[in-house]
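The values are calculated or read from the model by the stated rules, or taken from the named source; none is laboratory data. None of these values were measured; they are calculated from a predicted model. Neighbour counts are summed over all protein chains in view; Cβ atoms, including those assigned to glycine, are modelled from backbone coordinates with ideal geometry.
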Amino acid sequence: MATTTAAPGRFAATAAPSSSAWDLLVAITMRDVRVKYSGAFLSYFWWIARPLLLGIVLYFAMGQVLDVGIDNHGAFLLSALFPWFWFQGTVFSSSGAFLGNAGLIKKVQFPRIILPLSVVVGGTIEFFVTLPILIGILLFTGVNPHWEWLIGIPILVALQFALLCGLAIGIATLTVYVRDLTPALNSLLTLLFYLTPIIYPMSRVPDEYQWILKLNPIAPLIEAWRQLLMFGEAPNVDMWPSVLFTIASLAIGIYALRALGRNMADAL
Amino acid sequence: MRFSRTPSSGTPHGVTSPFAVQLEHVSKQYTLDATKPLTVRDMMKPRRFFRQVTGKRPFTALNDINLQVPHGQILGIIGPNGSGKSSLLRVLAGISPPTTGTVMIDGTYGALLELGAGFHPAVSGRQNAYINALFMGMSKEDAINALPSIIDFSGLGDFIDQPMRTYSSGMFLRLGFSVAIHVLPDILLVDEVLAVGDAAFQEKCFNHFKSLRQQNTTVILVTHNIDSLVDFADRVIMLQRGEIKFDGDPVEVIGEYMKVLSNDNPIMQKALRRGMAGNLVERALRENLSAEELSELLEPLRAGAQAQELAESGR
């Protein structure tokens, strides 16, 4: 056994606890997915009810009252709202991934990364379950099925999953040290909702404001979802800002956890 | 994540060192904020802002701890509140890293710092027991295999499939404890688990630690229940202000501890004596001692009490 007296302090063990991080991740994810709406009368129906209700309100306000004149307005809204709900729900919950489990982190040794990851995996399961329902609604409104869905959906799911992993790890870690992040995220996500082509198409944005949306790394992702689901257009090179942002968020998130996670038990 | 694995020799629980736990010059410091966390309002008051930024001072919870615990030893850690016991255990468990120095653990280790850590009120006792077992370091297979035994030992019966919010605090503890005794690492770190529960519960804990001795488990135990340490610890260390003040035979170290406590606080001394008397009576009942033998056991306590009364009346 190596006997190096190093500063900063070192902790070394010849054998880790035998439980695997994977089993723990699966167990707590399944628990949290089941618990989220347990006891609620509508239970899992809320998974589709939340994006659907907002979709109906927007359909009425934008389509019927303001008469924005978008073809197949219902499908247009829902094809962007479902991925958006996956995104914002996960980002918002991730800020409490460590903070809400302070007792556990202070008392139990386990790979902490599984806490934000379980938020992401839980959200992804939710999206996966609602996706066939979304497609059913789209087909009902007159959208044609496209074979591009078979390759496009896995690509977009993988990209958004990776993006959310990076964001969730970073946000969960930073919230431990900067508690303002939780209320800030609330406002930021509302802002982002309007700066993302959800209630309007990218093509309607005037040229002089296009740069604002170009700065929003979520915009190409949501736009790609809509193009894929409504018109069968497979994800293409226009996605590069989202891909770049995904890589950056993963790098920053993992770096933040490595740098700040060490003393997390003392900071909580 | 927070530990580096040094490769062990091929054996399953590869014994590579004569010591299960080895600490070299381990110190732990926390940074204390001068007053409260900094807010925007503070920034508007220059004097407070200045104090906030400059007023941070380190607090030394552990100061240059050197400790070697051989495999199979049962080590008790005692000390007054705030002496660093829990900090030491958390450093040993890999939960919070030492500020300087090296901690080396040889073997699988598990920490019982809290019974039922992470229990979720909305899910069943069965599911919570499984997840808790994973958190305590059991493998999935071990946890699934142990589950029937865990449930049986908890004595919860049909309640096991009810959500845990319906449990009484006693049922909560019983399930937590039941999981805890099924966690069998080479090195077990325990914090105050003995302190909770009624006498029967403590007796169960006690029997569990005795069985761990037969399995050659290294146990490091933080407790205020000093009487139990006399009964089954091989060695006791006493911490004071983050340093090891005494290290050695349980009876001697505990004797020193009592002296330290009573020097500090006469009320504490009385409380301790009452606790000791209670424990002695319990032991007398357990071992079927006669009244004379019990009286003999209580004699030193009685003498101590008289001495104190004399001192108090003389004051």
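Quick notes on this one:
- Selected residue (only one of B:Leu212, B:Leu189, B:Leu221 is assigned by TED's automatic domain parsing to the domain that holds B:Leu75, closer than 30 Å to A:Val26 by Cα and hydrophobic (A, V, I, L, M, F, W, C)): B:Leu189
- Wholly enclosed helices (runs of 4 or more DSSP H) of the range A:171-266 bearing at least 1 residues closer than 30 Å to B:Gly94 by Cα: A:181-194, A:240-260
- Members of the range B:102-139 that are more than 7 Å from chain A (Cβ to nearest Cβ) and either surrounded by 24 or more Cβ atoms within 10 Å (Cβ to Cβ) or not charged (D, E, K, R) (or both): B:Leu112, B:Leu115, B:Gly116, B:Phe119, B:Pro121, B:Ser124, B:Gly125, B:Asn128, B:Ala129, B:Asn132, B:Ala133, B:Met136
- When A:Gly74, A:Gly69 are screened for being modelled with pLDDT under 90 and in a helix (DSSP H, G or I), only A:Gly74 passes.
- Any hit, the range B:123-136, residues being at pLDDT below 90 and out of contact with any helix residue (DSSP H, G or I) (no Cβ under 6 Å at 6 or more places or on another chain): yes
- Test: residue in the range A:113-134 that is modelled with pLDDT of 90 or more and not in a helix (DSSP H, G or I): yes
- The combined condition, being of a type in the set (Ser, Thr, Tyr) and either at pLDDT 75 or above or surrounded by fewer than 14 Cβ atoms within 10 Å (Cβ to Cβ) (or both), is fulfilled by B:Ser313.
- One residue alone among A:Ala184, A:Ala267, A:Ala219, A:Ala251 is without any contact (Cβ under 8 Å) to a residue 60 or more places away in the chain, out of contact with any Pro (no Cβ under 8 Å at 6 or more places or on another chain) and hydrophobic (A, V, I, L, M, F, W, C), and that residue is A:Ala184.
- Scanning the range A:37-77 for residues that are over 23 Å from A:Asn144 (Cα atoms), surrounded by fewer than 18 Cβ atoms within 10 Å (Cβ to Cβ) and not aliphatic (A, V, I, L, M) yields A:Tyr37, A:Ser38, A:Gly39, A:Phe41, A:Ser43, A:Tyr44, A:Phe45, A:Trp46, A:Arg50, A:Phe60, A:Gln64, A:Asp67.
- Of the residues B:Ser87, B:Ser149, B:Ser178, B:Ser83, the single one that is part of a loop (DSSP other than H, G, I, E, B) and either modelled with pLDDT of 85 or more or away from chain A (no Cβ under 14 Å) (or both) is B:Ser83.
- Applying the set (1) surrounded by 19 or more Cβ atoms within 10 Å (Cβ to Cβ); (2) within 14 Å of A:Gly253 (Cα to Cα) to A:Ala162 leaves exactly one unmet item: (1).
- Meets criteria (closer than 25 Å to A:Ile28 by Cβ, not aliphatic (A, V, I, L, M) and not in a helix (DSSP H, G or I)) for A:Phe92: no
- Residue match in the range B:201-215 (condition: among the polar types (S, T, N, Q) and in a loop (DSSP other than H, G, I, E, B)): yes
- Test: residue in the range B:96-107 that is assigned to a strand (DSSP E or B), modelled with pLDDT of 75 or more and among the hydroxyl-bearing types (Ser, Thr, Tyr): yes
- Scope the range A:213-266; condition surrounded by fewer than 16 Cβ atoms within 10 Å (Cβ to Cβ) and among the aromatic types (Phe, Trp, Tyr); matching residues: A:Phe231, A:Trp240, A:Tyr255
- Failed condition for A:Tyr200, given (1) modelled with pLDDT of 90 or more; (2) of a type in the set (Ser, Thr, Tyr); (3) over 30 Å from B:Leu112 (Cα atoms): (1)
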